[in-house]
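Here's the structure we're looking at; comments come further down.
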Amino acid sequence: MTVLGIDIGGTGIKGAPVDVEKGELLSERFRVLTPQPATVDDVAECVAQIVKHFSWKGRIGCGFPSAIKHGMIMTAANIDDSWIGVNAKTVFELHTGCKAHIINDADAAGWAEIHFGAGRGVQGVVICVTVGTGIGTAIFSNGVLLPNTELGHLMVRGKEAEHRASDRVRREKELSWKKWAKRFNEYLTYLEKLFWPDMIIIGGGLSKDFVKFASHLTIQAPVVAAEMLNEAGIIGAALSTLHPEV
Ligand code: BGC
């Protein structure tokens with residue numbers, strides 16, 4: 001079964017048709033830049049552009065960087081505030097003519113890792129931390145997702161964690177891997193104290209650079225890189241259409 005997966009991020013919007021049984025992209029992903037400001041109509045137009053690029057007629061699954069309740073956008077940390085209270089499912093269906101399902105972007109990426117990647121078959125509590133423009137989290141207990149955890153907004157040293165330790169902060173402040181890893185490690189230590197996970201999976205753009213910072217992480221739980229790297233968000237968004245309850 002094939003579903004068009006779309007990952008809407010603070011910087012880029014990317015999509016590809018996904019074989020949801022195998023968890024694989026069926027063609028090269030297509031990416032457009034997230035419009036700034038990321039207003040409702042402009043983002044919806046980008047989603048429509050991706051659908052058009054693949055001449056897509058079937059279902060679409062969209063990962064979105066917000067807490068989502070039944071297709072409704074509840075928060076707006078890295079997109080325009082005008083999204084709050086908007087039903088993204090309705091908007092995307094109107095713009096694309098395709099049946100859409102919306103899920104938090106980090107939940108989508110986590111789902112892909114749990115089903116097909118680094119968290120496959122892992123029992124107990126697994127936290128997937130997606131590090132990009134913001135920090136997103138997905139918590140699984142024996143493979144079951146607790147949706148919309150939003151732990152990138154935990155306060156560390158009086159600041160939201162994603163304002164201290166996201167990949168955007170690393171780039172903007174030109175932090176060395178060591179300096180950034182110190183901040184990130186502090187955040188993971190806090191997460192560990194609160195949730196006592198059995199494994200932490202690091203996803204998002206910088207998962208490919210895992211070896212550059214892994215040696216600076218000192219928490220007790222095993223920390224591993226996402227296996228599906230940056231494709232997890234697209235694959236998980238497609239996969240989520242099979243689980244419309246989330
Ligand atoms: C948002 C989350 C999102 C994360 C990663 C945060 O700012 O609040 O919903 O998962 O960024 O994109």
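Before moving on, here are some points about what is shown:
- Proximal aspartates and glutamates to Lys52, defined as alpha-carbon separation beneath 18 angstrom and excluding residues fewer than eight positions away on the same chain: Asp7, Glu28, Asp41, Asp42, Glu93
- Across the chain, the longest piece that holds none of the GluC sites (Glu not before Pro) lying in DSSP loops with up to 16 other C-beta atoms within 10 Å covers 29-173.
- Using a simple spin-label model with pseudo-atoms 7 Å out from Cα toward Cβ, Met1 and Glu186 lie 4.5 nm apart.
- Farthest towards the positive end of the charge dipole of the stretch 188-246, among the residues Leu206, Ala226, Ala238, is the Cα of Leu206, using unit charges on the Cβ of Lys, Arg, Asp and Glu.
- Amide H partners (placed H, <5 Å) of Glu24, local residues excluded: Asp19
- Relative contact order for the chain, counting Cα pairs under 8 Å that sit 6 or more residues apart, in percent: 22 percent
- The stretch 135-197: relative contact order as a whole-number percent, Cα under 8 Å and 6+ apart: 22 percent
- Backbone N under 12 Å from the Ser215 label point (7 Å along Cα→Cβ), restricted to the stretch 171-196: 178
- Accessible area of Arg120 in the full protein assembly, 1.4 Å probe (Å², nearest 10): 140 Å²
- FRET E, pair Lys99, Arg120, Förster distance 25 Å, beta-carbon r, rounded to 0.05: 0.30
- Other-chain or far-sequence residues with amide H under 5 Å of Ala118's (modelled H): Glu227, Met228
- Coupling constants for the stretch 123-130 follow from the phi torsions by the Karplus curve (6.51 cos²θ - 1.76 cosθ + 1.60, θ = phi - 60°), and in residue order they are 8, x, 9, 10, 10, 9, 10, 9 Hz; glycine and proline get x.
- Spin-label model, Lys178 to His70: label points 7 Å out along the Cα-to-beta-carbon direction sit 5.3 nm apart.
- Beta bridge orientation in the chain: antiparallel %, DSSP, nearest 5: 60 percent
- A Förster radius of 35 Å combined with the Cβ-Cβ distance from Phe54 to Ser82 puts the calculated FRET efficiency at roughly 0.80.
- Normalised by 2.2 N^0.38 Å, where N is the number of residues, the C-alpha radius of gyration of the chain stands at 0.94.
- The dipole here belongs to the stretch 143-231: it is taken about the Cα centre, uses +1 on the Cβ of Lys and Arg and -1 on the Cβ of Asp and Glu, and is about 540 debye.
- Backbone HN-Hα couplings from phi across the stretch 43-59 [Karplus 6.51/-1.76/1.60, Hz, Gly and Pro as x]: 5, 4, 5, 5, 4, 5, 4, 5, 4, 5, 3, 9, 6, 7, 10, x, 7
- Largest to smallest accessible area among Leu242, Leu191 [probe 1.4 Å]: Leu242, Leu191
- Residues Trp196 and Phe30, FRET efficiency given R0 of 35 Å [Cβ-Cβ distance, rounded to 0.05]: 0.30
- Under a model in which nothing but the beta-carbon of Lys, Arg (+1) and Asp, Glu (-1) is charged, the stretch 40-80 shows a dipole of about 320 debye around its Cα centre.
- Amide hydrogen proximity for Glu150: with H placed 1.01 Å from N in the peptide plane, the residues at 5 or more positions away or on another chain lying under 5 Å are Thr137.
The values are calculated or read from the model by the stated rules, or taken from the named source; none is laboratory data. These numbers come from a predicted model, not from an experiment. For neighbour counting, all protein chains shown are included, and Cβ atoms are generated from backbone atoms with ideal geometry for every residue, glycine included. Each accessible area value is taken on the protein alone, full model and side chains, heavy atoms only, with ligands, DNA and RNA left out. Shrake-Rupley method; radii C 1.70, N 1.55, O 1.52, S 1.80 Å.
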